[in-house]
Amino acid sequence: MPTRPAPSRPELIEHLVRTRIAGDVATPRENNLAHYRELANGNRYFWFGLELGDRWSDEQDVLSVMSERCGVDGDPRFRRGQDTIDPELTVAALDRAAAVLRGAAAERRRVLVATGHPGGLLDMHARVAAGLRAAGCELVAVPFGLTADEGVVAQLAGVAMHERGASLWHTHSPAPMAEILRALPEEGEELPGLVVADHGWAGYAAQHGIETIGFADSNDPALFLAEAEGTLAVCVPLDDHVANPRYYEPMTAYLLDSAGLT
């Protein structure tokens, strides 16, 4: 498929709002707050492989970070209805992610790219992997035979994913990334110097000291908290499963162009 030309910043912001990748997103306020509450109450499913301790046990503290870094409404009295992702924050995070990618390419680092959202973000991650490979980075090859969460750890187009029953699965679990990082040293392979991922794939890698770029939705606060604490390098706010996966193409083109990977 031909590479889509990179949009300008104003063009990208307009596109993000029109396609609801940002702006008035599909995730309702009730769902956002419910997830913030679960994380604050210590439900590790929402921690994405991070060790948050009791530092985020106040739901209001979580909401404050999500307002600052994702753009949801910061008013705790707003409990139901339309919530938002600030497209300016999305593009600013893409710019920060591009700087990290540019540095990784200059240093020709080992990179692992992974997604727990193959239905929405696979093409974006695959294009990032291809751009890094073309720039001279070594993409980590996932060892064969790894299993996690009643499935296997697969790799397609340079992107690690969870496969179960011959299907690629949406997963928040950190277990697949944990299996990769456990297996690489056992096979005499170095750990990656950079991870580009989402969900528990990103959280587990960041928690274990690997520079990580993450992508997260407004109802997935863990990666934003990790960025606020300095555990995660960058967290890009976006709706991670819009109606048409091709809607992410202009955003991907902007990221790659900004990183010098086109």
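Each value in this text was obtained by applying a stated rule to the coordinates, not by laboratory testing. Please read these numbers as outputs of a predicted model, since none were measured by experiment. Heads up, the Cβs are rebuilt from the backbone with ideal geometry, glycines too, and the neighbour counts pull from every protein chain shown.
Values as computed for the structure displayed
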item	result
Residues (touching a residue at least 60 places away in the same chain (Cβ under 8 Å) and surrounded by 22 or more Cβ atoms within 10 Å (Cβ to Cβ)) located in region 57-68	V62, M66
Matching residues, region 71-91, being under 22 Å from D61 (Cβ atoms) and aliphatic (A, V, I, L, M)	V72, I85, L89
Residue match in region 218-235 (condition: part of a strand (DSSP E or B) and either β-branched (V, I, T) or surrounded by fewer than 24 Cβ atoms within 10 Å (Cβ to Cβ) (or both))	yes
Among residues of region 69-98, those that are out of contact with any helix residue (DSSP H, G or I) (no Cβ under 6 Å at 6 or more places or on another chain), loosely packed, with under 14 Cβ neighbours inside 10 Å and in contact (Cβ under 8 Å) with a residue 40 or more places away in the chain, counted	3
Of all residues making up region 140-165, the number that are buried (at least 18 other Cβ atoms within 10 Å of the Cβ) and under 23 Å from T262 (Cβ atoms)	3
Selection count, region 103-120, where residues are of a type in the set (A, V, I, L, M) and either surrounded by fewer than 19 Cβ atoms within 10 Å (Cβ to Cβ) or more than 15 Å from the chain's Cα centre (by Cα) (or both)	3
Subset tally (residues that are in contact with a Lys or Arg (Cβ under 7 Å, 6 or more places away or on another chain) and surrounded by fewer than 18 Cβ atoms within 10 Å (Cβ to Cβ)) for region 24-48	2
